[in-house]
Each structure stands twice: as C-alpha cells, then as structure tokens.
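Enquirer: Below is the structure I would like to discuss, written out as structure tokens.
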Amino acid sequence: MGSIDAPGWRELNIGVVGGGIGGMCAAIALRRAGHIVTVYERADFAGEVGASVSCAANGTRWLHEWDVDVAKGDPVVLKSLINRDWRTGEPVSTYSLEDYEERWGFVYNMFHRQYMHAMLKECALQAEGEGYPVKLLVNHKCQDIDLASGTITFANGHVAQHDLIIGADGIGSVVRRVLGIHPAKKPADQSCLHANVLTSDAVEAGLVDYSRDAALEYWGGQEGKWDKIVLSPCNGGKLLSYYCFFSREVGDYNGQSWGTEDRPVEELLAPFPGLDPLVRAHLAIGREIQPWRLWVHEPYPYIQKSMVCLLGDAGHPMMPHQSQGACMAIEDAAAIGILFSKKYFSGDVAEALAVYQDIRLPRATRVQAAAAKAAYNINERIGFSNNTNISQYKVEDETKKLTIEEMNSYDMYKDVEEQLAKRRGQEYTDKYIRGLPIGLTLPNGITIGA
Ligand SMILES: Cc1cc2nc3c(=O)[nH]c(=O)nc-3n(C[C@H](O)[C@H](O)[C@H](O)COP(=O)(O)OP(=O)(O)OC[C@H]3O[C@@H](n4cnc5c(N)ncnc54)[C@H](O)[C@@H]3O)c2cc1C
C-alpha cells in the first residue's frame, strides 16, 4: 500500500506508565519503531505473580516479529485443549493443536508470568537489537498527567514530560481516570483461587503427571455453573498452575488481593467436594494458594485522548476465560508499534492514536465479551467453540461465537492500512475488512464481506 506511506515521521520521547507484560511489549515495539522510550513502574520488581500466562499464536507472532528470545521464557508448547468431566475426569471435548503451528505459523505457548516478564524486560532494556535501549524507572507511581502538556507527576515527586504517553498500568489504571473514563464495573459472580503444584511433587506422591499432556486442561464448564478447574503446565512442564473457579456465593475473595498471606489448602479444596479425585489430589498438594480478584468491566467508550492512550488491562480488562488478556495487551503494543513506525507515522500523534482506537477497541471488546460468556459455558471458549459435534455443545448465538479462525486469520497491518486510509480520505483497495480476508467463511457461518 504505497499510497499509505506517510512522510513526516519524527522521533518521539515516549513515556510508558506500567512495566507489566503490556508495558514491556509496548516499549519493545516503540523502541523498534525508532523512538526514545522510558518505562515507569510503581513497584520495584514489576509486580509479577507466580502463575501461568498463555500466549496463543496471535500473541506469539509479535514476540517473533520483535526478535524476543522466546526460549528464555521456558514455555510449554501446547498440544491440545482438553475439557474433562467434572466428576470422572473423562475427556468431554478436546481440541487438538497438533497442526496449530502449520495452520497459523506460530505455536501456542504457556509461560510462567515471571519468566515471560523477565524475557520481555530483557528484550526491552538490552543494548542489542533495533532502536535505543529502553530506560526503566522503578518506584515511579504515576499520580497524575497534564493532558495539555504531556507532563506526568509521580508519587516520588519526579515530573517528566513526553510527546506520547502509554497507560499500561493495569486494571486499576490511574491513567484511565486521568482520561475521564469511569468504568461501569461489578465484582464477578465467580471467585478464583490459584495454586501451584510442582510436577516433581505430584510424581513423588504417585499422582498423575499431567505435564505429559502438554495441554491446557479444564474440569467442568459444561454445566452452566461457575465451577471450573483450569490447569496450565509452564516452566517447561516443571510447574502446574491451577486456576480454581467457583461461585462467589460459596467464597468471596473480593476484599483480598494477590500477594497477601497464602490461603490454607483446606480452603482451596472446600468448594470442590465432587471433583475428579485425580485432580483433587493435585490440589491437595498445592502451594502458594492465592485469590485472584475477578471484575467484570463494561467496554469503555474510548481509550485515547490528547497524547495519551490506554493499553492492555488498563483499556479493556477481561475475565480470564479466553486466555487472551496477555495476547490482547501484546496486540495493542503491536498496533502502537506499527502506527508509530517509519512507514505509517505521519508525525501526527492525534491521528495515530485515533487509528489505534479504531482498530483496537472493536477487537479487544469482542474478546472481552466472549471471555465473560465463556465463564459459565466452556463451549464459548475459542477452540472448544469449534467442537459442534459433542453432545453437550451449545452456545448463546452461533453467529456471534468467537473462533480460533477469527483470532488467528487477523492481519493487523491490513487493519491499520484500512483505518488509516479512512482517516486520510484515501481509497483502500486490498481485499480485507478489519484485517480479515474478504471471502473467508468462519466456523460461525459468517463470510467476511458477504
Ligand atoms: C494471576 C493471573 C493469571 C493470568 N493468566 C492469564 C492467562 O493465562 N492468559 C492471559 O492471556 N492472561 C492472563 N492474565 C491476564 C494478563 O496477565 C493480563 O491481561 C496482561 O498481563 C495485561 O497486562 P498489563 O500490562 O495490561 O497489566 P499488568 O500485568 O497488570 O501490569 C500493570 C503494571 O502497571 C503497574 N502499575 C499499576 N499502577 C501504576 C501506576 N500508577 N504507576 C506506575 N505503574 C503502575 C503495575 O505494578 C504492573 O506492573 C492473568 C492475570 C493474572 C493476575
């Protein structure tokens, strides 16, 4: 699309508020686009927690594009998604990922969050690689931003001025408040306790070695209930990360946050008396049992204003049931990197941020809605949403369900070009609509452009 190329690119001095997964990805993408980037993190260790985080092909593709050394994250490459019967543990719905890389060009990784974060941080800060190394300033809690001048004020008294500010400060975002967004939100009807099980402990105790499945495994989810156990192997299979969901009526952890004292194992087991004894035995040797607070946020009306935009959980926090929160943050970072690159950035920050919102808000809020639905019906989860032949299969609206094809056929460059062309009053002739190829028929029966 030569007609899209815009002269006028200029180097920007960019501030990223929040040094989590999204903030680090934004920093990598923007340094590669030629800009000077400073990341401000409120904590001194970037606050990452001891649990797994999944990265499907739509996230993994950007890690490779940015030359991230993915091996440093010690991921498990997933081979399948398995939904098991709550009581017997027998597989009910299985989605094979054996041909996943062949189909989508990239694997489905399961990382440990701390390893993934360290891998991204190193890539952002290292001297090698494209662009200027990113500067990380810890113990810098953003307090306010002056939207007229781009000046950030921090709790430690530091003040910094930037041409562009990325608010990657997570679900409780201060930057979001500065933009005047007041979320319509409520605590989820579901609670979650997380536990880690060392594979070596399980094997020593004579329990099933689930790490061998290299699968994201689910118990329950078909019953229209909140109860669900999600097992994700990470750290090359050495660690089994368990997310245990149940009704908030059974146990309410909304007043407690991650990082406080570990909960006793009896509390973890209490909501699940009828659970498959094989996985229950794993939970019984669980460590580091921590509550994960779940909030349902309605989509925000906008995610940018002046020279500031929101990214990741700050812009579209979602329930965890599509395992796409991190991937959406990575995609946001990719969009920012493309829009401020030498090829597409005309020097007009407002235009680039408007297009960022045009492309990110619809896609991220669609995933956000699908994640809320999958909370009580696993058939809505991408992958399982293709398994229409199982007897329990039922979704709210077949034409609206989210599928792996929609997630992974998406071409962000095409979306950027289409939306930029619209903003610039130029004709867009490529055979894509919102990044999806015209004529593609999705498993929900929708044909793009029909
Ligand atoms: C336990 C857990 C498990 C998860 N599992 C998955 C999964 O399997 N798959 C998936 O896709 N997603 C998962 N997620 C969600 C996913 O991790 C997030 O969607 C993703 O990390 C988004 O990252 P973020 O950078 O937007 O926010 P965060 O990772 O929350 O990072 C925000 C950062 O901003 C910092 N910060 C906050 N306020 C300020 C301030 N005022 N000033 C400066 N810095 C500030 C915080 O300290 C933090 O480092 C999980 C999340 C949690 C907590």
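Enquirer: Yes or no: VAL416 touching a Phe, Trp or Tyr at 6+ places or on another chain (Cβ under 8 Å) and among the aliphatic types (A, V, I, L, M)?
Expert: yes
Enquirer: If you take the residues of segment 180-219 that are touching a residue at least 24 places away in the same chain (Cβ under 8 Å) and β-branched (Val, Ile, Thr), which of them is surrounded by the fewest Cβ atoms within 10 Å (Cβ to Cβ)?
Expert: Checked segment 180-219; the qualifying residue surrounded by the fewest Cβ atoms within 10 Å (Cβ to Cβ) is VAL208.
Enquirer: Looking at ALA350, ALA372, can you tell me which residue is in contact with a strand residue (DSSP E or B) (Cβ under 7 Å, 6 or more places away or on another chain) and in a helix (DSSP H, G or I)?
Expert: Going through ALA350, ALA372 in turn, just one is in contact with a strand residue (DSSP E or B) (Cβ under 7 Å, 6 or more places away or on another chain) and in a helix (DSSP H, G or I): ALA372.
Enquirer: Could you check segment 351-379 and list, in sequence order, the residues that are closer than 22 Å to LEU436 by Cβ and open to solvent by 10 Å² or more (accessible area, probe 1.4 Å)?
Expert: Residues satisfying the conditions are ALA354, GLN357, ASP358, LEU361, PRO362, ARG363, THR365, ARG366, GLN368, ALA369, ALA370, LYS373.
Enquirer: State whether one or more residues within segment 336-346 are more than 15 Å from the ligand (Cβ to nearest atom) and outside the structural domain of ARG177 (by the TED database).
Expert: no
Enquirer: For ALA71, work out the one condition from (1) more than 13 Å from the ligand (Cβ to nearest atom); (2) touching an Asp or Glu at 6+ places or on another chain (Cβ under 7 Å); (3) not basic (Lys, Arg) it doesn't fulfil.
Expert: Here ALA71 meets the rest and fails (2).
Enquirer: Can you name every residue in segment 294-315 that is assigned to a loop (DSSP other than H, G, I, E, B) and more than 9 Å from the ligand (Cβ to nearest atom)?
Expert: Across segment 294-315, the qualifying residues are LEU294, GLU298, PRO299, TYR300, PRO301, TYR302, ILE303, SER306, MET307.
Enquirer: Out of all the residues in segment 399-415, which are over 14 Å from ALA370 (Cα atoms) and over 20 Å from the mean Cα position of the chain (by Cα)?
Expert: LYS414
Enquirer: Using the structure shown, decide if ASP169 is within 16 Å of the ligand (Cβ to nearest atom), at pLDDT 95 or above and within 30 Å of GLY18 (Cα to Cα).
Expert: yes
Enquirer: Could you check segment 139-156 and list, in sequence order, the residues that are assigned to a loop (DSSP other than H, G, I, E, B) and either surrounded by 15 or more Cβ atoms within 10 Å (Cβ to Cβ) or away from the ligand (no atom under 15 Å from the Cβ) (or both)?
Expert: Passing the criteria: HIS140, LYS141, LEU147, ALA148, SER149, GLY150.
Enquirer: Please specify each residue of segment 428-447 satisfying the condition of being in contact with a helix residue (DSSP H, G or I) (Cβ under 7 Å, 6 or more places away or on another chain) and either farther than 16 Å from ALA335 by Cα or open to solvent by 60 Å² or more (accessible area, probe 1.4 Å) (or both).
Expert: Correct list: TYR428, ASP430, TYR432, ARG434, LEU442, PRO443, ASN444, GLY445, ILE446.
The values are calculated or read from the model by the stated rules, or taken from the named source; none is laboratory data. The model shown is predicted, which means the values in this text are computed figures rather than measured ones. Note that each Cβ is placed from the backbone with ideal geometry, even for glycine, and that neighbours are counted across all protein chains shown. We work out accessible area using only protein heavy atoms, side chains counted, and drop any ligands, DNA or RNA first. Shrake-Rupley method; radii C 1.70, N 1.55, O 1.52, S 1.80 Å.
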